[in-house]
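**Student:** Once you've had a glance at the structure underneath, I'll fire off some questions.
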Amino acid sequence: MYDILKHFHSGWAFLALFLLVLAVVNSIIGLVSKKEFTPWDRKVGIMGLIGTHTQLLFGLILYFVSPLGATSLGQMSDKALRLTSLEHPLINIIAIALITIGWTKHKKIVESNKKFKTFVIYYGLGLVLILSRIPWDLWHIAL
């Protein structure tokens, strides 16, 4: 089961990143072109939100069944273990919390420009944080 979860988490990461990048780029285009916020823009935002939340759910399950998860917390001098057992999960939870805040805030805003700006800021910060803590050297192994 661990191997299936690991492969799913690694594979879904590509889709989640694609959806998040799509939401950020779409919002930048909407902000720069000063266009109206449409149902398509809302769908792109919710797809990014759902993609990252699904990734978080499977990541948390994987964290507790993985030999590199919570059991490695006592070995913080090893950079690879610190990344996979502490930095990666913690920073990604913060990133997904920012994305969720961005989604919630956009629903209360009426002006299209401000909706796009909210997505650019919160989804963009979430994307940067996620990209900063991907274990790139381990990612190809899991695929």
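Since every read-out is calculated from the coordinates, none of them should be taken as a lab result. This structure is a prediction, so every number in the text was calculated from the model and none was measured. Don't worry about glycine lacking a Cβ; one is built from the backbone with ideal geometry, like all the others, and counts go over all protein chains shown.
**Student:** Going by how many other Cβ atoms sit within 10 Å of their own, how do Y2, Y63 line up, fewest first? Walk me through the numbers before you get to the answer.
**Tutor:** Values: Y2 10, Y63 17.
Result, fewest neighbours first: Y2, Y63.
**Student:** When the dipole is taken about the Cα centre of the range 29-139, and only Lys, Arg (+1) and Asp, Glu (-1) are charged at their Cβ, what size is it in debye, to the nearest 20?
**Tutor:** Value, rounded to 20: 580 debye.
**Student:** Using the Cα centre of the chain as origin and beta-carbon charges of +1 (Lys, Arg) and -1 (Asp, Glu), tell me which of G30, A95, G59 is placed farthest towards the positive end of the dipole.
**Tutor:** Final value for the positive-end residue is G30.
**Student:** Just want to confirm a number: the relative contact order over the chain, from Cα pairs under 8 angstrom separated by 6+ residues, in percent.
**Tutor:** Normalised by residue count, the contact order of the chain is 32 percent.
**Student:** For the chain, what does the alpha-carbon gyration tensor say about shape, rounded, prolate or oblate, given a ≥ b ≥ c as the root eigenvalues, a/c under 1.5 as rounded, and a/b over b/c as prolate?
**Tutor:** Cα axes put the chain in the prolate bin.
**Student:** Could you list F116, F37 so that the one with the fewest beta carbons within 10 Å of its beta carbon is first and the one with the most is last?
**Tutor:** Lowest count first: F37, F116.
**Student:** While we're here: Exposure proxy check: S33, S10 ranked by fewest other beta carbons within 10 Å?
**Tutor:** Numbers: S33 9, S10 18.
Taking fewest neighbouring Cβ atoms as first place, the list is S33, S10.
**Student:** What distance in nm separates the two pseudo spin-label positions at K114 and L131, each 7 Å out from Cα along the beta-carbon direction?
**Tutor:** Placing both labels 7 Å beyond Cα along the Cβ direction yields 2.8 nm.
**Student:** Follow-up. Given the options T104, T84, T52, state which has the largest fluctuation in a GNM of the chain using a 10 Å cut-off (strictly under) for Cα springs.
**Tutor:** T104
**Student:** Hey, another quick one. What 222 nm value per residue comes from the helices of the chain, counting each DSSP H run with n ≥ 4 as -39,500 (n - 2.57) and dividing by all residues, nearest 500 deg cm²/dmol?
**Tutor:** About -26500 deg cm²/dmol.
**Student:** Going toward the positive end of the dipole of the chain, with +1 on Lys and Arg Cβ and -1 on Asp and Glu Cβ, which of L15, L125, S85 do you reach last?
**Tutor:** Of the candidates, L125 comes out farthest on the positive side.
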